[in-house]
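The values are calculated or read from the model by the stated rules, or taken from the named source; none is laboratory data. What you see is a predicted model; the values in this text were computed from it and never measured. Neighbour counts run over all protein chains shown; Cβ positions are idealised from the backbone, glycine included.
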Amino acid sequence: MDKVPNQLIRMVQLGDVDSALKAEAIWQCVSCETCTTRCPKSVDCAGIIDALRQVSYERGMTSKRQVAVVLFQKAFLDNVRRNGRLNEIELTLQFKLEGFAAMRRLSFLLKDAALAPQLQKRQKFHLIGEKVRDREIVHRIFERCMDGQV
Ligand code: SF4
């Protein structure tokens, strides 16, 4: 990380929010919540870092490399919301097309194509995705999360 959690929190406290929003560290955080759990002042560092990620993306301050992370997370969640579980073909198509639209780089579109046959040979990539039977339950879980009830 280019900045550790307490440095990010201090930047925000001192009003240097832009530096915190541009830090690579906010995209390297995996939300494990160790910093939140161990903070002697009970600061929700992980929650603040999560908010910094959202604001960074909304304000267009996210680097092109990190935009791919955001688009992948979005494609992943959209996919689970739609199917109840992951459909790898749909996920890959959405991620690659939205990434290409955002970055305008042909190399991004083609980058991992050569891996597909190897993954499929090892049965790590499934051409036909499965859906859960009662997707309404999955929709309700997402709605409750969006409403902040979870
Ligand atoms: S939540 Fe975990 S990964 Fe993120 S900054 Fe805190 S300790 Fe690091």
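Tabulated data
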| item | result |
| --- | --- |
| The one condition in (1) touching a His at 6+ places or on another chain (Cβ under 9 Å); (2) modelled with pLDDT of 90 or more that E88 fails to fulfil | (2) |
| Hits in region 23-70 - residues which are within 16 Å of the ligand (Cβ to nearest atom), surrounded by fewer than 16 Cβ atoms within 10 Å (Cβ to Cβ) and either under 15 Å from K3 (Cα atoms) or of a type in the set (G, A, S) (or both) | E24, Q28, V30, S31, S42, G47, D50, A51 |
| Candidate set from region 1-20 (those that are in a helix (DSSP H, G or I) and within 13 Å of the ligand (Cβ to nearest atom)); member that is surrounded by the fewest Cβ atoms within 10 Å (Cβ to Cβ) | N6 |
| Residue under evaluation R82, criteria (1) closer than 30 Å to R140 by Cα; (2) without any contact (Cβ under 8 Å) to a residue 24 or more places away in the chain; (3) among the charged types (D, E, K, R), criterion not met | (2) |
| Any chance L14 is over 23 Å from Q73 (Cα atoms) and modelled with pLDDT of 95 or more | yes |
| Enumeration of residues in region 105-123 that are over 18 Å from A75 (Cβ atoms) and assigned to a loop (DSSP other than H, G, I, E, B) | A114, R122, Q123 |
